[in-house]
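Visitor: Structure below; questions to follow.
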Amino acid sequence: MVLFITILVGIFFVSSLTATAVAPKPIEQKPNSVLLNKSHSPADNVLRVVLTPETQSVPIGGTAIFNVVVLNVSDDINLVNVTVSDPQAPDCNRTIGNLAADTNFPPFQCNRMNVQAPFTNNIHVEGTNPINSQISTDDDSAEVEIIALDVILEASPTTLPEPGGLVDFSLTITNTGSLDVTLQNLNSPQYGNLTNSSNENISNNSCLPNPTLPLLAANGGQFSCGFSAKVNGQPDEYDIVVTAVATDENNISISESGTATVRLSDVEADLEVILSASPLTIYAPGSSVNFVLKINNTSLVDSINIGQLQDNVLENLNGQGDCLTPYILLAGETYTCSYVDEVIGDADSEHERSVLVTGTDDDNPNNTIERSAEVTILIVEKPEYIHYLPLIIDTVDEPNNICNDAFPLNTNTPYYFHANDQNDWYTFDLDTQGKVTVSLTNFIPVIGQIQVYKKDTCENLMTEDLIGFNGNHNTTKLVPLGTQSPGHYIIWIINDGITTVTEPYRLFIEVQ
């Protein structure tokens, strides 16, 4: 009798769903006595087939690998028409043809790909004795188990307004395979290891080991847990992924992922536009008016690209005063600019001024935002009277050429004086806090300046007491002082031009 020693090796392939694979424990080989002493009928049935490994586990969608040995155990019968058939794994089918006595066909491997369910692989071999046409047959079988997981991740809520916020996630893992598996890890590319108690990316985490992750029974064992995490960003859909890894008793690994989609919706950006003018009342036929434009981005998250500022009279304001476009207005930011224009009109008329602001949302350049603001300027008839200063020192019209002789003025009252000397001093008092603008208009000498101080007396009047001035070479000189507290204020008008002007200048202290 001839003794055949066959070495059978179990080989395991990993499907695309499997993160890692560990070689199975060695599978016991069938002893030679089994190969040679299988019960056969009739007695001259001399074929033997051995299929190994006897049992293997494969990740769902993976490939089962088989080792096949075919032997002729006869001492003197040469077989013909030897074939191997395997309905469950057609890759194992072979046409061997002649197989001499006391030999084996070279061992070979075959497989069944894309295994979706456990199965028993039955292999069959047969050959013919050419002397008496007796058919020799043999069969063997091997068990294939699958390991598989179903991972479901759900989010609540599934939609949030930008920039996002806290989302609750629920995770359910089901063992859909035919073997028990033990969870080894839960990981998210967005939030890291869910089984790490020090993970600061998540809260309310019930996915922690207790003290280890559970074993999931075959064919339906489940584990459920949950956690909370932030989903932040620009408007879009965000796929949150959790991957579960488990192993079977042979340390074969399977991984599967679940995905939950969270949508961050676009919050429409908006603008608030405020247009103010100073002064709000002018005398016919007109004068210069200072316009101040404020644009507030009321969005909490979106920047707005200010593309155009359109005045209904001057049209494009880019380059007018300190107004410039384009300008990127950040969320919550305010843009302010000012410009001066001559307003002309008849007495007892109104001048309507408006500015249209056009911008685009940073999330959607095709989303155009248009907002406008208006202001009305009242044009009234110029009074017939003129205020003259009393004759005290050395000039005929205005003896207020030193600080101590400053002429007291009321707020929100127009005054007219002659520019007939180099220095004119005035004072006014604020009883309550207010927004103050000092306007010097129709200043025919042009060359000169207006200075405003805040101080109780004229003694030791210093530069640090100066709160505003305008030295432009225009007939209109505006000094916006902003919000001022109650107190005593001093105005100094310096005339560096001609002093023979017969038409008076206008001095107006506007308090809002």
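Visitor: Out of all the residues in segment 317-325, is one or more surrounded by 15 or more Cβ atoms within 10 Å (Cβ to Cβ), closer than 22 Å to Asn366 by Cα and under 32 Å from the mean Cα position of the chain (by Cα)?
Guide: Yes, the conditions are met somewhere in segment 317-325.
Visitor: Considering only residues that are at pLDDT below 85 and of a type in the set (A, V, I, L, M, F, W, C), look in segment 365-409 and name the one that is nearest to the chain's Cα centre (by Cα).
Guide: By that ranking, first place goes to Ile386.
Visitor: Among the residues of segment 242-262, write down those that are surrounded by fewer than 16 Cβ atoms within 10 Å (Cβ to Cβ) and either under 23 Å from the mean Cα position of the chain (by Cα) or acidic (Asp, Glu) (or both). Spell out how you get there, then give the answer.
Guide: Start the filter on segment 242-262 by keeping residues that are surrounded by fewer than 16 Cβ atoms within 10 Å (Cβ to Cβ), which leaves 249, 251, 259, 261.
Across segment 242-262, the qualifying residues are Glu249, Thr259, Thr261.
Visitor: When you go through Ile254, Ile274 one by one, which is the residue that is in contact with a Pro (Cβ under 6 Å, 6 or more places away or on another chain) and aliphatic (A, V, I, L, M)? Step through it out loud before you land on a result.
Guide: Details: Ile274 fails: in contact with a Pro (Cβ under 6 Å, 6 or more places away or on another chain).
Among Ile254, Ile274, only Ile254 is in contact with a Pro (Cβ under 6 Å, 6 or more places away or on another chain) and aliphatic (A, V, I, L, M).
Visitor: Another one. Please count how many residues of segment 332-367 are outside any strand (DSSP E or B) and either surrounded by 17 or more Cβ atoms within 10 Å (Cβ to Cβ) or aliphatic (A, V, I, L, M) (or both). Walk me through it before giving the result.
Guide: Kept after step one, since they are outside any strand (DSSP E or B), are these residues of segment 332-367: 332-333, 345-348, 362-367.
Retained after the next criterion (residues that are either surrounded by 17 or more Cβ atoms within 10 Å (Cβ to Cβ) or aliphatic (A, V, I, L, M) (or both)): 347, 362-363.
Of the residues in segment 332-367, 3 are outside any strand (DSSP E or B) and either surrounded by 17 or more Cβ atoms within 10 Å (Cβ to Cβ) or aliphatic (A, V, I, L, M) (or both).
Visitor: Please name all residue pairs, on different chains or six or more residues apart, with Cβ atoms under 7 Å, provided the first residue is in segment 308-320 and is among the acidic types (Asp, Glu) and the second residue is surrounded by 14 or more Cβ atoms within 10 Å (Cβ to Cβ).
Guide: Listed pairs, sorted by first residue: Asp311/Leu317; Asp311/Val355.
Visitor: Assuming Val14 fulfils every condition listed in (1) of a type in the set (A, V, I, L, M, F, W, C); (2) closer than 30 Å to Asp248 by Cα; (3) in contact with a Gly (Cβ under 8 Å, 6 or more places away or on another chain); (4) at pLDDT 95 or above apart from one, which condition is it?
Guide: Single failed check for Val14: (4).
Visitor: Going by what's in this entry, would Thr457 be described as at pLDDT 90 or above, out of contact with any strand residue (DSSP E or B) (no Cβ under 7 Å at 6 or more places or on another chain) and either part of a loop (DSSP other than H, G, I, E, B) or not assigned by TED's automatic domain parsing to the domain that holds Thr499 (or both)? Show your work before the answer.
Guide: Values: at pLDDT 90 or above: no; out of contact with any strand residue (DSSP E or B) (no Cβ under 7 Å at 6 or more places or on another chain): yes; either part of a loop (DSSP other than H, G, I, E, B) or not assigned by TED's automatic domain parsing to the domain that holds Thr499 (or both): yes.
Considered against the rule, which asks whether it is at pLDDT 90 or above, out of contact with any strand residue (DSSP E or B) (no Cβ under 7 Å at 6 or more places or on another chain) and either part of a loop (DSSP other than H, G, I, E, B) or not assigned by TED's automatic domain parsing to the domain that holds Thr499 (or both), Thr457 comes out as no.
Visitor: Continuing with this model, one more query. Output the residues belonging to segment 470-491 that are of a type in the set (A, V, I, L, M, F, W, C) and within 50 Å of the chain's Cα centre (by Cα). Steps first, please.
Guide: Taking segment 470-491 and keeping what is of a type in the set (A, V, I, L, M, F, W, C), we get 478-479, 481, 490-491.
Listed by number, the residues that qualify are Leu478, Val479, Leu481.
Visitor: When you look at Asn187, is it part of a strand (DSSP E or B) and touching a residue at least 24 places away in the same chain (Cβ under 8 Å), yes or no?
Guide: Numbers: part of a strand (DSSP E or B): yes; touching a residue at least 24 places away in the same chain (Cβ under 8 Å): yes.
So Asn187 fits the description; yes.
Visitor: Right, something else. Scan segment 470-480 for residues that are assigned to a strand (DSSP E or B) and either in contact with a Leu (Cβ under 7 Å, 6 or more places away or on another chain) or surrounded by fewer than 18 Cβ atoms within 10 Å (Cβ to Cβ) (or both) and jot them down. Reasoning before the result, please.
Guide: Let us first name the residues in segment 470-480 that are assigned to a strand (DSSP E or B), namely 470, 477-480.
Passing the criteria: Asn470, Lys477, Pro480.
Visitor: Can you tell me which of Phe443, Phe508 is crowded, with 18+ Cβ neighbours inside 10 Å, touching a residue at least 60 places away in the same chain (Cβ under 8 Å) and assigned to a loop (DSSP other than H, G, I, E, B)? Talk me through it step by step, then tell me what you get.
Guide: Numbers: Phe508 fails: assigned to a loop (DSSP other than H, G, I, E, B).
The unique qualifying residue is Phe443.
Visitor: What's the total number of residues in segment 263-285 that are part of a strand (DSSP E or B) and surrounded by fewer than 18 Cβ atoms within 10 Å (Cβ to Cβ)? First the steps, then the outcome.
Guide: Residues of segment 263-285 that are part of a strand (DSSP E or B), as a first pass: 263-265, 271-278, 281-283.
Narrowing further to those that are surrounded by fewer than 18 Cβ atoms within 10 Å (Cβ to Cβ): 263, 265, 272, 274, 276, 281.
Selection size over segment 263-285: 6.
Visitor: Among the listed residues Ile467, Ile494, identify the single one that is of a type in the set (A, V, I, L, M), over 49 Å from the mean Cα position of the chain (by Cα), surrounded by 13 or more Cβ atoms within 10 Å (Cβ to Cβ) and closer than 19 Å to Leu409 by Cα. Can you show your working first?
Guide: Values: Ile467 fails: over 49 Å from the mean Cα position of the chain (by Cα).
None of the others qualify; the one that does is Ile494.
Visitor: For segment 111-153, what are the residues that are part of a loop (DSSP other than H, G, I, E, B), under 29 Å from Ala246 (Cβ atoms) and of a type outside the set (Gly, Ala, Ser)?
Guide: Step one: list which residues in segment 111-153 are part of a loop (DSSP other than H, G, I, E, B), which gives 113-118, 129-134, 148.
Narrowing further to those that are under 29 Å from Ala246 (Cβ atoms): 113-118, 148.
Matches in segment 111-153: Met113, Asn114, Val115, Gln116, Pro118.
Visitor: Could you please let me know if Leu79 is in contact with a Ser or Thr (Cβ under 7 Å, 6 or more places away or on another chain), closer than 25 Å to Glu249 by Cβ, surrounded by 18 or more Cβ atoms within 10 Å (Cβ to Cβ) and touching a residue at least 40 places away in the same chain (Cβ under 8 Å)?
Guide: Numbers: in contact with a Ser or Thr (Cβ under 7 Å, 6 or more places away or on another chain): yes; closer than 25 Å to Glu249 by Cβ: no; surrounded by 18 or more Cβ atoms within 10 Å (Cβ to Cβ): yes; touching a residue at least 40 places away in the same chain (Cβ under 8 Å): yes.
Spelling it out, it is not the case that Leu79 is in contact with a Ser or Thr (Cβ under 7 Å, 6 or more places away or on another chain), closer than 25 Å to Glu249 by Cβ, surrounded by 18 or more Cβ atoms within 10 Å (Cβ to Cβ) and touching a residue at least 40 places away in the same chain (Cβ under 8 Å).
Visitor: Let me ask something else about it. Applying the selection to segment 100-148, what residues are exposed (fewer than 14 other Cβ atoms within 10 Å of the Cβ) and of a type in the set (Gly, Ala, Ser)?
Guide: Ala100, Ala117, Ser133, Ser141
The values are calculated or read from the model by the stated rules, or taken from the named source; none is laboratory data. On a predicted model such as this, the values are computed, not experimentally measured, just so you know. Every residue, glycine among them, receives a Cβ derived from its backbone with ideal geometry; neighbour counts consider all protein chains shown.
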